[in-house]
Amino acid sequence: MLTPPKTDKRPIERVHHGDVVVDDYEWLRDKDDPEVLAHLHEENAYTKAKTEHLAILQEQIFEEITTRTKETDLSVPTREGDWWYYTRTVEGREYGIHCRVPAAGPDDWEPPVTDDSGSPLPGEQVLLDDNVEAQGHDFYSLGSFDVTADGATLLYAIDLEGDERYTIRLRSLDGSGREYSDVIEGTSSGATFDPSGRYVFYATVDESWRPDTIWRHEIGTAASDDVSVFTEPDERFWLGVGVTRSRRFLVIEAGSNVTSETWLLDAAEPTGEFSVVWPRKDGVEYDVEHVIAGGKDRLLLVHNDDAVNFELVSVAASDPQGDRRVLLPHDPAVRLEGVDAFRDFVAVEYRREGLPRVAVAKVPPAGLPAGATPDDTLHELAFDEALFSVGLSGNPDWAQPTLRIGYTSFVTPSTVYDVVVATGERRLRKRQAVLGDYDATRYSQRREWATADDGTRIPVSLVYRHDLIDLGTPAPTLLYGYGSYEHSIDPGFGIPRLSLLDRGMIFAVAHVRGGGEMGRLWYEHGKKLEKRNTFTDFAAVARHLIDEDITAPDRLVAQGGSAGGLLIGAVANLAPKYFSGFLAEVPFVDPLTSILDPSLPLTVIEWDEWGNPLDDDEVYSYMKSYSPIENVHVNHYPPILAVTSLNDTRVLYVEPAKWVAKLRDVGAEPLLKIEMAAGHGGVSGRYAAWRERAFAYAWVVDAAGAHPSGE
């Protein structure tokens, strides 16, 4: 009989606000301790043994994913400057190959095409082959990727550990493949060339792994000579750097979870001083875009200053703190999410009725006439599906006459369109291939509404194979949730998910509070001292699905990752009776311990999301009331699978490791699977990722009691 690894108890006391907590398993935090590593390997061996009966099913699902996926493929080329850029994949290779071909001329806005084989385009130049760079490494992730405006030099940044620390390198694109001597180590993601191509701007992190300093590197000089141009002392904020699409300004953005501040620098003076657009104001967020209207530099700002769902204003670039011209006023029914400016038009992204939207407005040569607003010319892109996702996708060129968008739904594979702004024509560029016998008409998607404990209506999205599912007969179901950071889980297609649907499973998404699906207040009512709404909403959705005979407690599995893993852990304590299994991926299940320790990566930044339990005893008590680890108790826990990664810097592996140990203390039988060479996003390489998804889905099929063969 298999027995789980024994986790030694080495109690330590933690005292805050007069509350004494004894933690038996904090010793697992030291990942350099050979004893800890040995224990983690034992957990992996135990999980492998306990899931051995799923090996054939896992292999079947992996084969289904690979046979449905077009492994040799090519993305739709995107024009920037004098080149068309794209990425290719090749069957049998884990990673992409980044390439380009020259544009035919200034008026060449039709992406080059080849046959449907995914073969290289004529005249192709390979910029970076990730397969070559990854050779000899267990983990590989490409971060920053940029090319100078003249197309002569490549910047790329690589992480070989999974800890999201990148090494920047430069490469000549003159055909020689020559690597520059410039090497910059220990950076965060988001490095960029300035428009002249003479300098690189990048960010580094402090001891808590917070991007806190922006540097300027002159190409051809030693990294030790780099100049610090901006440092953010407030530990709640982290930094990013970029360039406006117009290449008119360099941009530094400082942001916490609830407050932001942007600084600009005339790109013609890259060694000059950055100046603030709007001084930070606690609780006010804004984004900045540059546009030229009537021959004058203007800034478009999407902000929430006295506008909870945000509004769009225009200010003079020369005096951004001067008069504000409201272009799109606040609308309580519409969450304005962003604006993108081009030479001849602007595109606006927003949410209405729980779904993302995109609208386009032309920029008149002389600017908008007096009294006019973009409402006069703003045209929403319409789609005929009840549930869908749409958003901007790869629009780097200031002068482009088309707007590229990505579109998908639960039943429509990812689709790329170019919208000709002058005429409104929508040109289909590519739809994700699904090999085999996929027929979208066999699948249905629909929206349900559950009622929360306080009467709030919670949207629920469902997708299923209607020839296998009768919604009046309980079916095995996977219920997914997240519910934090105003992150929305929008309808989207996934090839791996077909392996569940074709086994007679329903895939459902609970759009719980804490996410952003229903506007900014949907987020506000699921954070800090209202965080429990996230968990009770999810339980209410499960109850609704059961009450409506869509599923049943013996065939309903819950899934969530990261902050969604906190959701899974909390619901496992609150309402295990509704579920036959819990899949928690990189789960944030020890939030109180983490948020109490400012030395841990990103903790102080997180206080805006969860509250500060270190200084506020009410926050401390509230977090303790829902923290999964703090609330493990003798209960009827269904099967639990926790998946994590040793090098994750966002949610440390120790959290699920401790959680699993505490669950076993009360008689539960959880499993822990830990990737020993990966980060927060899991393993690198597409085949490795597919195998991991196949493992998780095999476990889900088993826990939900679905038909393993899919027949």
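Pairs meeting the criteria (first residue in segment 437-451 and under 21 Å from Ile546 (Cα atoms) and assigned to a strand (DSSP E or B), second residue modelled with pLDDT of 95 or more and polar (S, T, N, Q), beta carbons under 6 Å, at least 6 apart or on different chains) are Arg447/Ser461.
Could we say that Val411 is more than 26 Å from Ser562 (Cβ to Cβ), under 25 Å from the mean Cα position of the chain (by Cα) and not in a loop (DSSP other than H, G, I, E, B) here? No; evaluated as a whole, the condition is false for this residue. For segment 56-65, the tally of residues that are among the β-branched types (Val, Ile, Thr) and either in contact with a Pro (Cβ under 7 Å, 6 or more places away or on another chain) or surrounded by fewer than 20 Cβ atoms within 10 Å (Cβ to Cβ) (or both) stands at 2. Here Ala422, Ala386 are screened, and the one residue that is under 26 Å from Trp109 (Cβ atoms), of a type outside the set (Asp, Glu) and in a loop (DSSP other than H, G, I, E, B) is Ala422. When residues in segment 499-532 are screened for being among the hydroxyl-bearing types (Ser, Thr, Tyr) and touching a residue at least 40 places away in the same chain (Cβ under 8 Å), 1 of them pass.
Filtering segment 296-333 to residues that are closer than 16 Å to Glu524 by Cβ and in contact with a strand residue (DSSP E or B) (Cβ under 6 Å, 6 or more places away or on another chain) leaves Asn309, Phe310, His330. Residues that are surrounded by fewer than 17 Cβ atoms within 10 Å (Cβ to Cβ) and in contact (Cβ under 8 Å) with a residue 24 or more places away in the chain within segment 615-649 comprise Asp617, Glu618, Ser621, Ser625, Asn631, His633, Val634, Asn635, His636, listed in sequence order. Selection within segment 459-510: residues that are polar (S, T, N, Q) and farther than 22 Å from Asn533 by Cα. The member of this set that is surrounded by the fewest Cβ atoms within 10 Å (Cβ to Cβ) is Thr473.
Evaluation of Ile458 against the conditions (1) on the phi > 0 side of the Ramachandran plot; (2) outside any loop (DSSP other than H, G, I, E, B) shows that the sole unmet condition is (1). Taking segment 663-701 as the range and being surrounded by 23 or more Cβ atoms within 10 Å (Cβ to Cβ) and among the charged types (D, E, K, R) as the test, only Glu675 passes. Selection over segment 415-425 of residues that are surrounded by 17 or more Cβ atoms within 10 Å (Cβ to Cβ) and of a type outside the set (Asp, Glu) gives a count of 5.
Listed by first and then second residue, the pairs linking a residue in segment 458-471 that is touching a residue at least 40 places away in the same chain (Cβ under 8 Å) to a residue that is in a loop (DSSP other than H, G, I, E, B) and acidic (Asp, Glu), with Cβ atoms under 7 Å apart and 6 or more places separating them unless they lie on different chains, are Pro459/Glu517. Ser119 passes every criterion in (1) in contact (Cβ under 8 Å) with a residue 24 or more places away in the chain; (2) surrounded by fewer than 19 Cβ atoms within 10 Å (Cβ to Cβ); (3) in the same structural domain as Phe274 (by TED's automatic domain parsing); (4) among the small types (Gly, Ala, Ser) apart from (3).
So that you can scan it fast, the table gives a plain yes or no per residue for (1) surrounded by fewer than 16 Cβ atoms within 10 Å (Cβ to Cβ); (2) β-branched (Val, Ile, Thr); (3) assigned by TED's automatic domain parsing to the domain that holds Lys662; (4) in a helix (DSSP H, G or I):
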{"site": "Val22", "(1), (2), (3), (4)": "yes, yes, yes, no"}
{"site": "Val36", "(1), (2), (3), (4)": "no, yes, yes, yes"}
{"site": "Asn44", "(1), (2), (3), (4)": "no, no, yes, yes"}
{"site": "Ala49", "(1), (2), (3), (4)": "yes, no, yes, yes"}
{"site": "Leu54", "(1), (2), (3), (4)": "no, no, yes, yes"}
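Considering Gly667, Gly681, Gly710, the condition of being among the small types (Gly, Ala, Ser), over 28 Å from Ser599 (Cβ atoms) and modelled with pLDDT under 95 is satisfied by Gly710 alone.
Here Gly455 meets each of (1) out of contact with any strand residue (DSSP E or B) (no Cβ under 8 Å at 6 or more places or on another chain); (2) in contact (Cβ under 8 Å) with a residue 12 or more places away in the chain; (3) surrounded by fewer than 20 Cβ atoms within 10 Å (Cβ to Cβ) with one exception, condition (2). Remark: His98 falls outside the filter, which requires a residue to be part of a helix (DSSP H, G or I) and either in contact (Cβ under 8 Å) with a residue 24 or more places away in the chain or hydrophobic (A, V, I, L, M, F, W, C) (or both). Among the residues of segment 1-60, write down those that are farther than 21 Å from Val589 by Cα and aliphatic (A, V, I, L, M). Once the filter is applied, which keeps residues that are farther than 21 Å from Val589 by Cα and aliphatic (A, V, I, L, M), segment 1-60 yields Met1, Leu2, Ala38, Ala45, Ala49, Leu54, Ala55, Ile56, Leu57.
Answer yes if at least one residue in segment 562-574 is buried (at least 20 other Cβ atoms within 10 Å of the Cβ) and assigned to a loop (DSSP other than H, G, I, E, B), and no otherwise. Scanning segment 562-574, I find at least one residue that is buried (at least 20 other Cβ atoms within 10 Å of the Cβ) and assigned to a loop (DSSP other than H, G, I, E, B), so the answer is yes. For segment 601-608, the criterion of a residue being in the same structural domain as Ala696 (by TED's automatic domain parsing), surrounded by 24 or more Cβ atoms within 10 Å (Cβ to Cβ) and not charged (D, E, K, R) is satisfied by no position. Selection of segment 154-208 for residues being polar (S, T, N, Q) and under 24 Å from Leu239 (Cβ atoms) yields Thr167, Thr187, Ser188, Ser189, Thr192, Ser196, Thr204, Ser208.
The values are calculated or read from the model by the stated rules, or taken from the named source; none is laboratory data. As the structure is a computational prediction, the values presented were derived from the model and not from experiment. Cβ sites come from the backbone with ideal geometry, for glycine too, and all protein chains shown count toward neighbours.
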